[in-house]
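Mind having a look at this structure? Questions to follow.
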Amino acid sequence: MSTSQGLRDWLLSEEPTSRRQARFAAWYKGWLTLRSNTLAMLGLFVLAFLVLAAIFAPLLASHDPFAQELGQRLLAPGEDGHLFGTDSLGRDIYSRLLYGARISIYIVLLVVMVAPVVGLIVGTVAGYAGGWVDVLLMRVTDIFLAFPRLILALAFVAALGAGIENAVLAISLTAWPPYARIARAETLTIRNTDFIHGIKLQGAGPVRIVTRHIWPLCISSLVIRVTLDMAGIILTAAGLGFLGLGAQPPSPEWGAMISEGRKYILDYWWVATIPGIAIFAISLAFNLLGDGLRDVLDPKEDNA
Amino acid sequence: MAGTTHGEGRLRPPFPPWLTKTLTTLATVAATIIGLLFVTFMIGRVMPIDPVLAVIGERATQEQYDQTFRDLGLDQPLLMQFWIYVSDVLQGDLGKSIRTGQKVTTDIARVFPATLELASLGTLFGVVLGVPLGVVAAVRRGSWIDHLARFVGLIGYSMPIFWLGLVGLLVFYGILGWVAGPGRLGIFYQGVVEPITGLLLVDSALRGEWTVFRDAFSHIILPASLLGYYSLAYISRMTRSFMLEQLGSEYVTTARVKGLGEWQVVWGHAFRNIRIQLVTVIALAYANLLEGSVLTEIIFAWPGLGQYITTSLLANDMNSVLGGTIVIGTIFVAINIFSDLLYRFFDPRSK
């Protein structure tokens, strides 16, 4: 008890004695604000649950997600020990959902590794360099921004071939422009501050200034945007899966599962409905958490 | 315009401001369209499908192959090929569809009205319900109706549209039987109405075929309200934040101090000032629906552009896919530019 109290005092200290203490203190205060936001915590809880479900899928699953048993096809939820019933090939829907969580996390991680990074690089370079570099890069950004996202992703996937990686690549290619805009706006405000001038006088070159001093300050606005975008990305990925352009059968991707259950929707509603609830829960969780993070990290914006 | 009077002593720009503005806008449009064409061109080039074989089929002789290879301009340098492509597209030639054997432009002209009808009705629902909801949510901030608006928005942003469509079909068609099933028109009524605009509701009303109208309406109502719900989520959220901004400004306080009624303050003053912003939001929502209708059309077997693109895609018919992408992309760009222009010309602050 006393150590946790000591830790708390250290974190909430008015006069941090080291850079690390100040940084942890800022994080802790942010966490306290976030914790008071019930809906954001609900979102975080759902996402944590998703991650746990994905990690422990082999332990939690009641059946093999790929095992087909035609004698057991289209069983209603609860029948014969199938919690959410079975699909048209007799596969257990509950177990497939668990394994599908892995695919969702995989997609999310891949997109997060590509789109914001590309956006960050393009935006900060444009903002810091200025001049014709800025004009050129932002014109390209505007062109991509003016494209219809899903249609363009469709065309990309058509060219590259169906599959999760290509779907992710297609989504990322259409998702980076907003990040570039945000990063550029942040860079424009940062680059004329005194501390940047100071670093310049110390002899830092543009690469060092951008990577070490501008990037860290862009992170928080990007994190908010990424979290809020995640819902849209998951929905697009599921949409591609539904169209048969994302994850391929027999992969238990949730969009593809809905697509498989579509034929039976009027007689066997659960096959298509249950994966949809899972998609809905995850994107709702990302939206709730994103709203909460915006309150913490970006208090100047009115929470509309 | 106002630009000629001020700025004494400053160097006068070579062109009047309106001309510069128009030229900039035109250049932006041109750059964006060229960019769009470049992307579709590159997609067409990296395709694993041999464009020559796609035209002449597997069994052609080497001579025919070489001939077509030259005809398609594939022996030219890449930049030249792009030039040929751009000039073809600008002349309205999007190539031929392998699947239907017709020109892509003919195909698109045939399927586009269905999408237009769906997206327009959807936007209509979104505006009629979304704008009042947003306004009331802003005026009664923190009340139950504000929470309702936020809830509606959150659900709209988080729900997979194709799933909601399936559930809607299950409930309203399968269980309740309130609406007609997938498709645009019942089999009995197909071909009854001679097309005028291609929009079934309009055509049947103009021809006075009210039974057809009723059937078409019962087919369109579910997908349109679904799309409408998505644009409602967006429109009400934006309306709310625009209204909050206005209601917090000083002229509203002044109007209240003068003793104006709440109705007059909200609709006569605050709402008047968000009309332009709203139009741009509605235009964007409309553009999004044109695109968002892809998944909806699949669910409801709606014979529109979205279904056309997807079916072509699965049949490896790239001309149709890229043609459809160009059409939707161009409309998208046009709507974006239109809303931007509207903003610039009607918002006095941006002058």
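The values are calculated or read from the model by the stated rules, or taken from the named source; none is laboratory data. Quantities reported herein were computed from a predicted structural model and do not represent experimental measurements. Cβ coordinates were reconstructed from backbone atoms using ideal geometry, including for glycine residues, and neighbour counts include every protein chain displayed. For accessibility, only protein heavy atoms count, side chains too; no ligands or nucleic acids. Shrake-Rupley method; radii C 1.70, N 1.55, O 1.52, S 1.80 Å.
Out of all the residues in the range B:280-287, is one or more within 12 Å of chain A (Cβ to nearest Cβ) and touching a Phe, Trp or Tyr at 6+ places or on another chain (Cβ under 9 Å)?
Yes, some residue in the range B:280-287 is within 12 Å of chain A (Cβ to nearest Cβ) and touching a Phe, Trp or Tyr at 6+ places or on another chain (Cβ under 9 Å).
Here's a follow-up. For the range A:85-183, give me every one of the helices (runs of 4 or more DSSP H) that falls completely inside it and has 1 or more residues that are open to solvent by 20 Å² or more (accessible area, probe 1.4 Å), of a type outside the set (Asp, Glu) and more than 26 Å from B:GLY323 (Cβ to Cβ).
The qualifying helices (runs of 4 or more DSSP H) are A:93-129, A:131-145.
Do any residues in the range A:130-144 that are without any contact (Cβ under 8 Å) to a residue 60 or more places away in the chain have Cβ atoms under 8 Å from those of residues that are of a type in the set (Phe, Trp, Tyr), where the two are at least six apart or on different chains, and which pairs are they?
Here the result reads A:PHE144/A:TRP176, each pair linking the range A:130-144 to a residue that is of a type in the set (Phe, Trp, Tyr).
Within the range B:20-45, restricting attention to residues that are without any contact (Cβ under 8 Å) to a residue 40 or more places away in the chain and among the aliphatic types (A, V, I, L, M), which residue is least open to solvent (accessible area, probe 1.4 Å)?
B:VAL39
For A:GLU253, state whether it is of a type in the set (D, E, K, R) and surrounded by 23 or more Cβ atoms within 10 Å (Cβ to Cβ).
So A:GLU253 passes the test.
Consider B:ALA334 carefully, then state whether it is at pLDDT 85 or above and aliphatic (A, V, I, L, M).
Judged against the criteria, B:ALA334 is not a match.
Could you tell me whether the range B:215-226 includes any residue that is within 18 Å of B:LEU154 (Cβ to Cβ) and touching a Ser or Thr at 6+ places or on another chain (Cβ under 9 Å)?
Yes, the range B:215-226 contains at least one residue that is within 18 Å of B:LEU154 (Cβ to Cβ) and touching a Ser or Thr at 6+ places or on another chain (Cβ under 9 Å).
What tally of residues in the range B:262-290 results from selecting those that are over 16 Å from B:SER339 (Cα atoms) and surrounded by fewer than 16 Cβ atoms within 10 Å (Cβ to Cβ)?
Number of matching residues: 6.
Quick one: which of A:THR38, A:THR17, A:THR33 is farther than 19 Å from A:LEU297 by Cβ and of a type in the set (Ser, Thr, Tyr)?
It is A:THR17.
Just give me the residues in the range B:157-184 being modelled with pLDDT of 85 or more, buried (at least 19 other Cβ atoms within 10 Å of the Cβ) and more than 9 Å from every other protein chain (Cβ to nearest Cβ), in sequence order.
Result: B:GLY165, B:GLY168.
Can you spot a residue in the range B:292-301 that is open to solvent by 40 Å² or more (accessible area, probe 1.4 Å), out of contact with any Lys or Arg (no Cβ under 9 Å at 6 or more places or on another chain), more than 17 Å from B:LEU36 (Cα to Cα) and touching a residue at least 24 places away in the same chain (Cβ under 8 Å)?
Scanning the range B:292-301, I find no residue that is open to solvent by 40 Å² or more (accessible area, probe 1.4 Å), out of contact with any Lys or Arg (no Cβ under 9 Å at 6 or more places or on another chain), more than 17 Å from B:LEU36 (Cα to Cα) and touching a residue at least 24 places away in the same chain (Cβ under 8 Å), so the answer is no.
Another question, if that's okay. Check whether at least one residue in the range A:142-161 is at positive phi, more than 18 Å from the chain's Cα centre (by Cα) and within 14 Å of another protein chain (Cβ to nearest Cβ), and report yes or no.
yes
For B:LEU227, indicate whether it is open to solvent by 10 Å² or more (accessible area, probe 1.4 Å) and either assigned to a helix (DSSP H, G or I) or among the aromatic types (Phe, Trp, Tyr) (or both).
It is false that B:LEU227 is open to solvent by 10 Å² or more (accessible area, probe 1.4 Å) and either assigned to a helix (DSSP H, G or I) or among the aromatic types (Phe, Trp, Tyr) (or both).
Oh, and also: Look at B:THR123 and say whether it is crowded, with 20+ Cβ neighbours inside 10 Å, in contact (Cβ under 8 Å) with a residue 12 or more places away in the chain, among the polar types (S, T, N, Q) and more than 17 Å from B:ALA270 (Cβ to Cβ).
Considered against the rule, which asks whether it is crowded, with 20+ Cβ neighbours inside 10 Å, in contact (Cβ under 8 Å) with a residue 12 or more places away in the chain, among the polar types (S, T, N, Q) and more than 17 Å from B:ALA270 (Cβ to Cβ), B:THR123 comes out as yes.
Could you please find all residues in the range B:230-261 being assigned to a loop (DSSP other than H, G, I, E, B) and loosely packed, with under 12 Cβ neighbours inside 10 Å?
Once the filter is applied, which keeps residues that are assigned to a loop (DSSP other than H, G, I, E, B) and loosely packed, with under 12 Cβ neighbours inside 10 Å, the range B:230-261 yields B:LYS258, B:GLY259, B:GLY261.
Kindly indicate whether any position in the range B:279-288 is within 16 Å of A:LEU152 (Cβ to Cβ) and either in a helix (DSSP H, G or I) or hydroxyl-bearing (Ser, Thr, Tyr) (or both).
yes
Test each condition in (1) open to solvent by less than 90 Å² (accessible area, probe 1.4 Å); (2) polar (S, T, N, Q); (3) in a loop (DSSP other than H, G, I, E, B) for A:GLN68 and report the one that comes out false.
Only one criterion in (1) open to solvent by less than 90 Å² (accessible area, probe 1.4 Å); (2) polar (S, T, N, Q); (3) in a loop (DSSP other than H, G, I, E, B) is unmet by A:GLN68, namely (1).
For the range A:264-289, give me each residue that is open to solvent by less than 40 Å² (accessible area, probe 1.4 Å), more than 7 Å from every other protein chain (Cβ to nearest Cβ) and β-branched (Val, Ile, Thr).
Matches in the range A:264-289: A:VAL271, A:ILE274, A:ILE282.
Next up: Could you identify the single residue in B:VAL139, B:VAL128, B:VAL135, B:VAL152 that is of a type in the set (Val, Ile, Thr), open to solvent by less than 20 Å² (accessible area, probe 1.4 Å) and away from chain A (no Cβ under 12 Å)?
B:VAL135
If you don't mind, another one. Select from the range A:242-259 the residues that are facing chain B (nearest Cβ under 10 Å) and of a type outside the set (Ser, Thr, Tyr) and list them in ascending order.
Selection gives A:PHE242, A:LEU243, A:GLY244, A:LEU245, A:TRP254, A:GLY255, A:ILE258.
If you don't mind, another one. Across the range A:204-220, what is the total count of residues that are more than 17 Å from A:ASN192 (Cβ to Cβ) and open to solvent by less than 20 Å² (accessible area, probe 1.4 Å)?
Adding up the residues that qualify gives 0.
Further question: State whether the residues of the range A:215-231 include one that is of a type in the set (A, V, I, L, M, F, W, C), part of a helix (DSSP H, G or I) and closer than 30 Å to A:ASP87 by Cα.
Yes.
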